[in-house]
Amino acid sequence: MDQVDSPLRSATPPAWAAGVMRDPPALLNDHAHLEKKAAANALDMMQRWPEPAPPHRWVQFMTAVSRDEVEHLGAVLKLLHQRGGTFTKSHRNPYAKALRQLVRPGPGRNLAGIMDRLMVSALIELRSCERFAVLAEHCGDQPLAKLYHGLWASEHGHYQTFLAMARTLPGADDEKVDARWGQMLDAEAAILAEQPVYCGMHSGVADE
């Protein structure tokens, strides 16, 4: 799980893992909701291809991501129930909400908005992937470490493909994509730095 080449503008310290491991069922419940929302997002994106036709493999990719996320949801829920936890009906993720506010609005095809949706999806997968790696190495809980080690590769692949799909959009040359991706990475780091401290995958880091 090599994080050396990660484009993220900030790194999660090992101390974060100790903080969220104060309540493993709460962490797992939060994670389960993230997997559920990721599956729903991929299915929603499946319907948002740029007209008049979807880019190459658009539908196939979105359905594959949704299938992967549902499988991850099942694995996380299994461990949650083994730990005596409960999958709650409601869930809030201010980190993801703030990222979605970066999506540029517009009428009709709104290719800029579609690009941003793809990049927000890539950012969430990328940050989750980074935190899976931190947990796998520093959580001190063998079953959880095994879970997060196993999820890392899949989520990393999703991030890369969401970003690659942004490059397939009409008029989206590499210069435009790279410029917008840089802006989104900067914004993501600022958003994460503002998150409260709680037992969740996208929580903030407690002050030393």
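The values are calculated or read from the model by the stated rules, or taken from the named source; none is laboratory data. Since the model is a prediction, treat every value here as computed from it, not as a measurement. Cβ sites come from the backbone with ideal geometry, for glycine too, and all protein chains shown count toward neighbours.
Return the residue satisfying two criteria in turn: it lies in the range 37-64 and is in contact with a Lys or Arg (Cβ under 8 Å, 6 or more places away or on another chain) and not hydrophobic (A, V, I, L, M, F, W, C), and of such residues it is nearest to His91 (Cα to Cα). That would be Arg48.
Could you check how many residues of the range 139-163 are of a type in the set (D, E, K, R) and either touching a strand residue (DSSP E or B) at 6+ places or on another chain (Cβ under 9 Å) or surrounded by 20 or more Cβ atoms within 10 Å (Cβ to Cβ) (or both)? Explain how you work it out, then say what you get.
Taking the range 139-163 first, the residues of a type in the set (D, E, K, R) are 141, 146, 155.
Next, only the ones that are either touching a strand residue (DSSP E or B) at 6+ places or on another chain (Cβ under 9 Å) or surrounded by 20 or more Cβ atoms within 10 Å (Cβ to Cβ) (or both) stay: 155.
Looking only at that region, the number is 1.
Only one entry in Ala206, Ala164, Ala122 is small (Gly, Ala, Ser) and free of Cβ contacts under 8 Å to residues at least 24 places away in the same chain, namely Ala164. Taking the range 1-23 as the range and being surrounded by fewer than 19 Cβ atoms within 10 Å (Cβ to Cβ), in a helix (DSSP H, G or I) and out of contact with any His (no Cβ under 6 Å at 6 or more places or on another chain) as the test, the residues that pass are Ala15, Ala18, Gly19.
Per the listing Ala96, Ala136, the residue uniquely closer than 20 Å to Lys37 by Cα and of a type in the set (A, V, I, L, M) is Ala96. Kindly provide the set of residues from the range 103-123 that are touching a helix residue (DSSP H, G or I) at 6+ places or on another chain (Cβ under 6 Å) and closer than 19 Å to Met46 by Cβ, ordered by number. Listed by number, the residues that qualify are Val103, Met115, Leu118, Met119, Val120, Ser121, Ala122. If a residue must be part of a loop (DSSP other than H, G, I, E, B) and either under 25 Å from Leu185 (Cα atoms) or basic (Lys, Arg) (or both), how many such residues does the range 75-90 contain? Of the residues in the range 75-90, 2 are part of a loop (DSSP other than H, G, I, E, B) and either under 25 Å from Leu185 (Cα atoms) or basic (Lys, Arg) (or both). With respect to the conditions (1) in contact with a Phe, Trp or Tyr (Cβ under 7 Å, 6 or more places away or on another chain); (2) at pLDDT below 95; (3) more than 16 Å from Arg9 (Cβ to Cβ), Val205 lacks only one, and its number is (3). When the residues of the range 121-162 are narrowed to those that are within 11 Å of the chain's Cα centre (by Cα) and among the hydroxyl-bearing types (Ser, Thr, Tyr), which ends up modelled with the lowest pLDDT? The residue in question is Tyr159. Considering Ala136, Ala206, Ala98, Ala166, the condition of being crowded, with 21+ Cβ neighbours inside 10 Å, touching a helix residue (DSSP H, G or I) at 6+ places or on another chain (Cβ under 9 Å) and hydrophobic (A, V, I, L, M, F, W, C) is satisfied by Ala166 alone. Residues in the range 71-95 that are surrounded by 17 or more Cβ atoms within 10 Å (Cβ to Cβ) and closer than 21 Å to Gly157 by Cα: His72, Leu73, Val76. Among residues belonging to the range 148-171 that are among the aliphatic types (A, V, I, L, M) and touching a Leu at 6+ places or on another chain (Cβ under 6 Å), point out the one that is farthest from Ile114 (Cα to Cα). Taking the candidates together, the pick is Met165.
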